[in-house]
Each structure stands twice: as C-alpha cells, then as structure tokens.
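One structure below.
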Amino acid sequence: MKDRFASGVSIALLAALVAGTWWAADYAKRAVREDPPRRLTHEIDSFVEQFVMVRSDEHGMPMTRMEGDRLEHYPDDDSSEVTQFRAVSQRTERPTMTATSQHARMDQDGARVVMRGDVQLRRLPGQGRPELNIRSEEVTLLPDEDVAYTDLPATVVNGTTRVQGRGMRYDNVSRELKVNEQTRVQIVPGSTRPAAPPARQPSKG
C-alpha cells in the first residue's frame, strides 16, 4: 500500500512539474515582445574600397577581371553599385576586351553588369583583326557569355570604319558585331575600301 501511495505522489509531482514548465515557457513567450521581421530597403549594408573580382571557368581558369574604386552592396535585391568600373576579358582562345565606365550596377552574382556614363569597350588588335572601339552612355555586359549590348546610341570604330547608330550588340566569342538603325557610316580617309551603304546584318569584326 505504501509503495502505491509513493508512486502516486511521484506521478503527481512529475505531472505538476511538466505543467509548471509548460506554463512558464508559454508565459515567457507571451511576455517577451518579438521584433517584427526587418524590412529590406534599398540601403547599403556593406561597401569595399578598391575592390577586385575575378570570375573563373569550370576549370578554375580566370575569365574576367572586374574592379572599381568603390563597391556598395544592397541586400534587398542583392545588387552592387560600382564607381569607376573596369573590366578585362582575357581568354586564350578569344580577343582581349577591356571595358570602362563611370558607374556600373552588378547583379545576378556578377553575371550581368549595366555600365553607365562614358562607357568604352575596346577589343585589342591581333591575328589580322583591327582594333575595335565602342562608345555609348550605357552598355550591358554579360561577362560569362562575353557579350555586350545596348539599345542607346553608340559609336563603333572598327579599323578604318566608323559607324554610328542606335542599338548595338557585340559577341566576342563569334566576333559578330551588329549595329541597329545605322545613321552614319564613314570610311577613314586613306582606306582603299569603298564606302558601303548601311547594313543591318551582323558582321564579323
């Protein structure tokens, strides 16, 4: 009889302990005011001075080097704003390309860069190819694809040919250059090639 009484008392105490613990936890949860989720706004959460980013291929070989005077990161859309942006595409099987602009916006983990303000693209000459220069106020650069394009007015100088138009796309893999809505084509004096009428078809530079 005593054993049953002691067991009953033990069970009652254990039940009371469990109930008390549950009540204390629930009270503490209701008593402590939880902060609402932090709203993500387009505000800087970090910055880097004189930043350098190198993108590599699947074999670990460098493809593109991007750098700038200052990089500011925004957490709401995971984008970065760069001042005095500079990029170099240097792959052994392709022509070397350089790109500069006063400002740039990087998103998609650096897979897309929108360059703004005095944008200049330059493909170095080599293997019988003339130097290619492209200037515009805004150009979108896709470093992994080695492609640059814009819908704004652009001036293209390819060797002795100078082309002005609205809209441009250059593929450094195939070396195809397309200038849309060409408004002016000029052959630099001294060239032996005759001037050709504007064309809309892609051409290899």
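The values are calculated or read from the model by the stated rules, or taken from the named source; none is laboratory data. Since this is a predicted model, take the numbers as computed values, not measurements. Positions of Cβ are generated from backbone atoms using ideal geometry, with glycine treated the same way; all protein chains shown enter the neighbour counts. Areas reflect the complete protein model, heavy atoms only, side chains present, ligands, DNA and RNA absent. Shrake-Rupley method; radii C 1.70, N 1.55, O 1.52, S 1.80 Å.
Please go through the stretch 147-163 and pick out each residue that is of a type outside the set (S, T, N, Q) and open to solvent by 10 Å² or more (accessible area, probe 1.4 Å).
Selection gives Y149, D151, L152, P153, V157, G159, R162, V163.
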Taking only the stretch 54-88 into account, find how many residues are closer than 19 Å to H103 by Cβ, open to solvent by 60 Å² or more (accessible area, probe 1.4 Å) and either in contact with a Pro (Cβ under 8 Å, 6 or more places away or on another chain) or assigned to a strand (DSSP E or B) (or both). 4
How many of the residues in the stretch 115-130 are over 13 Å from N158 (Cα atoms) and either surrounded by 14 or more Cβ atoms within 10 Å (Cβ to Cβ) or under 21 Å from the mean Cα position of the chain (by Cα) (or both)? 6
The condition of being within 19 Å of D171 (Cα to Cα) and among the aromatic types (F, W, Y) holds, among Y149, Y74, only for Y149
Condition first: open to solvent by less than 20 Å² (accessible area, probe 1.4 Å) and either among the polar types (S, T, N, Q) or in contact with a helix residue (DSSP H, G or I) (Cβ under 7 Å, 6 or more places away or on another chain) (or both). Now tell me which residues in the stretch 89-114 satisfy that. S89, S101
